[in-house]
Each structure stands twice: as C-alpha cells, then as structure tokens.
Amino acid sequence: MKNVSKKSLNIALLGYGKMGKEIEHFAVEAGHQIVLTIDNESDWEKKGNILAKADVAIDFSLPKTAVSNIEKCFALNVPIVIGTTGWYADFDRISELCKKNNKSLFYATNFSLGVNIFSAINKKLAEIMNRFPDYDLNLSETHHTQKLDAPSGTAISLAEGILDSVERKTEWKLDKGNQEFPSNVLLIKAYRIENVPGTHEITYLSDFDEIKIIHEAKSRKGFAKGALLAAEWIYNKKGIFSMNDLLTLMLNKI
C-alpha cells in the first residue's frame with residue numbers, strides 16, 4: 001500500500017544525479033508527480049518554463065548553480081528545498097531576499113534524520129566536554145569521490161556546534177596534513193573514497209582514553225527520504241526553514 005500524503009505535489013528536481021533519482025523513487029511511491037527534471041543548462045533552455053507548474057522544487061545540483069536555481073524558484077514563487085552545499089557565501093543575501101519578498105526556502109547541510117539527531121548529540125556532548133580540558137578533539141568526514149566541496153557542509157555544521165560550546169576551540173580548519181595548527185583550532189579531516197554515502201566522526205582524546213561518536217549513512221536513501229519530508233512540509237509555508245524546524249515538529253508529536 002502506498003504511503004500517499006494529504007496533498008499530491010508536483011515536484012521539480014533540480015539536479016538529476018544519484019540523489020535526484022533516489023528522491024524521484026520515494027516521491028512517486030508517495031503519490032507525488034515529478035513534473036520537471038533539470039540536470040544541465042541545456043535542460044533549462046529546453047524545459048525550464050515547466051518550473052512554474054511545480055508546487056515545490058528540490059535541489060541537489062552543484063554549488064555553482066545552486067544560487068541561480070534558488071533565484072529562479074523565488075521569481076516563480078515556487079518553494080525550494082535545497083540540499084546542495086558549498087553556496088553559503090551567498091546565504092545572507094539569499095536569506096534577505098527570501099524574507100523581503102515572502103518566499104519559501106528550506107535548507108540543510110544534510111537531510112538525514114539520523115545525522116540531525118547526531119548533530120543534537122554532538123552539541124550536548126560538546127557542552128559536557130567543555131568542562132574537561134584534558135581532552136583534545138577532532139572531526140573527520142568521509143564521502144564519495146563525486147562530492148566536490150570539502151569539508152562537507154555537515155562537517156562544518158558539526159564543527160560550528162562544537163565551537164559554540166567548547167571554549168578552548170575558537171575556529172575550525174581543514175587538515176590537509178602538511179601544516180601545524182595551534183591548539184585552539186578544531187581540525188577537520190576530509191576523505192574521498194568511492195561509493196561512500198557519508199560518514200562523520202567526532203573524537204575526544206586524552207592521554208588515558210578516547211570518546212567517539214559516529215554517524216555512518218548506509219545509502220543515499222536516508223537523505224532522499226528527509227528531503228521529500230521537507231518538501232511535503234514546506235508546501236504552503238512562507239519563510240526560511242531548516243531541519244531543526246522539522247525535527248522540532250516531529251519531536252513534539254512524540
């Protein structure tokens with residue numbers, strides 16, 4: 001039996017790679033319609049006008065096209081869920097544009113529900129470990145070789161969650177293995193290995209022991225399912241939303 005939502009949505013997929021196809025699978029299974037798939041500039045020229053027929057767009061494209069895709073959706077008043085990372089240098093401008101013109105944007109560095117639970121655990125652990133200065137810490141992330149940005153957006157979010165609480169760490173840096181950093185720097189190691197959906201690991205290390213928390217994605221399915229949930233949730237809403245908003249709603253129902 002299909003898990004049909006209250007409203008069958010017309011969905012545009014901006015970025016039709018592996019993630020786009022996973023989202024398509026879940027969307028069709030849930031009773032939604034895919035009215036547009038865009039994977040390159042030629043697609044925009046041939047069928048970009050169909051975007052106006054979409055109830056919501058889901059973007060898993062490339063950092064260099066993400067901002068343009070957001071602006072195209074804003075121009076047509078189409079809510080957009082964006083899972084692409086690497087575009088956040090433009091976040092403040094896009095945020096202001098969204099608020100000023102009453103548009104709809106749902107963004108996340110990672111749409112996996114498990115990762116977002118992991119993020120909440122990370123913040124709580126950081127609050128505790130702030131009181132134990134004998135522990136140094138580091139962060140690592142591993143993704144597939146097609147992922148272009150490093151460190152991942154999720155790793156950056158996790159690092160910022162640590163910096164908010166651990167006073168002995170004041171900034172993060174990508175560890176390229178060829179440079180020494182002062183103790184106030186939180187190092188992020190980024191690995192690219194074929195066919196790895198995404199693994200994030202945070203380690204607190206002392207002379208006596210170590211504490212680790214790890215999230216390992218088994219496939220892209222968790223990201224796709226979360227993105228579809230976000231698309232269903234943002235329909236008919238105005239403003240800027242994140243996974244925190246969606247998780248808060250889900251937790252309140254428990």
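The values are calculated or read from the model by the stated rules, or taken from the named source; none is laboratory data. Everything quoted here is computed from the prediction, not taken from an experiment. Every residue, glycine among them, receives a Cβ derived from its backbone with ideal geometry; neighbour counts consider all protein chains shown.
List of remarks:
- Considering residues of segment 81-97 that are at pLDDT 95 or above and touching a Phe, Trp or Tyr at 6+ places or on another chain (Cβ under 7 Å) only, the residue surrounded by the most Cβ atoms within 10 Å (Cβ to Cβ): 81
- Cβ-Cβ under 7 Å pairs, at least 6 apart or on other chains, segment 157-168 side not assigned by TED's automatic domain parsing to the domain that holds residue 184 and of a type in the set (Lys, Arg), far side outside any helix (DSSP H, G or I) and surrounded by 13 or more Cβ atoms within 10 Å (Cβ to Cβ): none
- Residue within segment 67-76 that is part of a loop (DSSP other than H, G, I, E, B), within 25 Å of residue 37 (Cα to Cα) and not assigned by TED's automatic domain parsing to the domain that holds residue 177 present: yes
- Some residue of segment 106-116 being surrounded by 19 or more Cβ atoms within 10 Å (Cβ to Cβ), part of a helix (DSSP H, G or I) and touching a Phe, Trp or Tyr at 6+ places or on another chain (Cβ under 6 Å): no
- Residue within segment 25-36 that is buried (at least 16 other Cβ atoms within 10 Å of the Cβ), modelled with pLDDT of 95 or more, among the small types (Gly, Ala, Ser) and under 21 Å from the mean Cα position of the chain (by Cα) present: yes
- For segment 14-24, filtered to residues that are assigned to a loop (DSSP other than H, G, I, E, B) and in contact with a strand residue (DSSP E or B) (Cβ under 7 Å, 6 or more places away or on another chain), the residue that is surrounded by the fewest Cβ atoms within 10 Å (Cβ to Cβ) is 16.
- Test: residue in segment 203-224 that is closer than 24 Å to residue 15 by Cα, touching a Leu at 6+ places or on another chain (Cβ under 6 Å) and not assigned by TED's automatic domain parsing to the domain that holds residue 146: no
- Take the conditions (1) among the acidic types (Asp, Glu); (2) in the same structural domain as residue 248 (by TED's automatic domain parsing); (3) within 14 Å of the chain's Cα centre (by Cα); residue 149 misses just one of them, which is (2).
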